[in-house]
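The values are calculated or read from the model by the stated rules, or taken from the named source; none is laboratory data. Being a predicted model, the structure only gives us computed values, none of them experimental. Using ideal geometry, Cβ is built from the backbone for each residue, glycine included, and neighbour counts are taken over all protein chains shown. Just so you know, the surface numbers come from the protein's heavy atoms only, side chains and all, with ligands and any DNA or RNA stripped out. Shrake-Rupley method; radii C 1.70, N 1.55, O 1.52, S 1.80 Å.
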Amino acid sequence: MSDPEFELEPRLESQTGPELEPGEQLIESYSGNLSTYVKEHVLLAALGSVLMSGTLMYMGNPHAWTGIVGAVAAIAVRGFYVAREQLGFTWHLTNRRLIGPGNRTILLSNIDKVNVIFTAAQVVTHSGDKYMLKYQADAKATQAAIDRARGA
């Protein structure tokens, strides 16, 4: 059995609901959105196809179409392999803190800013730590809710 103190990444099977402190209220929970996840992977496959086929054409390869097949296959395999974990991680916003996978806790007073990067809300703390709430259906709404909770 692995020591949770040395765990580099949170594990989906170890995720539990948040343990709220007295007087703490759950405002909202955020998990990855399946259709957003699929759209992002389709976009990555398309960009990878163009890049790989262009590279093969530039190199003079007569089979540049294999770049399309390879890029789509690679992104599809990666997408299927990590979908369960990426979509299963849940962040919980309370009136005091943001609680992430592996019980990572960020006090609202420690949040410097919340950025939107494509389909993710990136939380940046005053000390410079960054956390990503990935594959949000509406990353701007997630950003706004966190900003409202922290009084920004």
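Restricting region 25-36 to residues that are small (G, A, S) and in contact with a helix residue (DSSP H, G or I) (Cβ under 8 Å, 6 or more places away or on another chain) leaves a set whose member that is most open to solvent (accessible area, probe 1.4 Å) is S31.
Can you confirm whether region 61-74 contains a residue that is at pLDDT below 95, hydrophobic (A, V, I, L, M, F, W, C) and under 30 Å from L107 (Cα atoms)? There is no residue in region 61-74 that is at pLDDT below 95, hydrophobic (A, V, I, L, M, F, W, C) and under 30 Å from L107 (Cα atoms).
Is it the case that some residue within region 127-147 is outside any helix (DSSP H, G or I), of a type outside the set (D, E, K, R), modelled with pLDDT of 95 or more and over 18 Å from E28 (Cα atoms)? Scanning region 127-147 turns up at least one residue that is outside any helix (DSSP H, G or I), of a type outside the set (D, E, K, R), modelled with pLDDT of 95 or more and over 18 Å from E28 (Cα atoms).
Annotation note: of A152, A145, the sole residue that is within 30 Å of L20 (Cβ to Cβ), out of contact with any Gly (no Cβ under 9 Å at 6 or more places or on another chain) and touching a residue at least 60 places away in the same chain (Cβ under 8 Å) is A145. Restricted to strands (runs of 3 or more DSSP E) entirely inside region 37-120, those with at least 2 residues that are within 25 Å of G23 (Cβ to Cβ) and open to solvent by less than 60 Å² (accessible area, probe 1.4 Å) are 90-94, 97-99, 111-117.
Is region 123-133 home to any residue that is touching a Leu at 6+ places or on another chain (Cβ under 6 Å) and over 26 Å from S35 (Cα atoms)? Scanning region 123-133 turns up no residue that is touching a Leu at 6+ places or on another chain (Cβ under 6 Å) and over 26 Å from S35 (Cα atoms).
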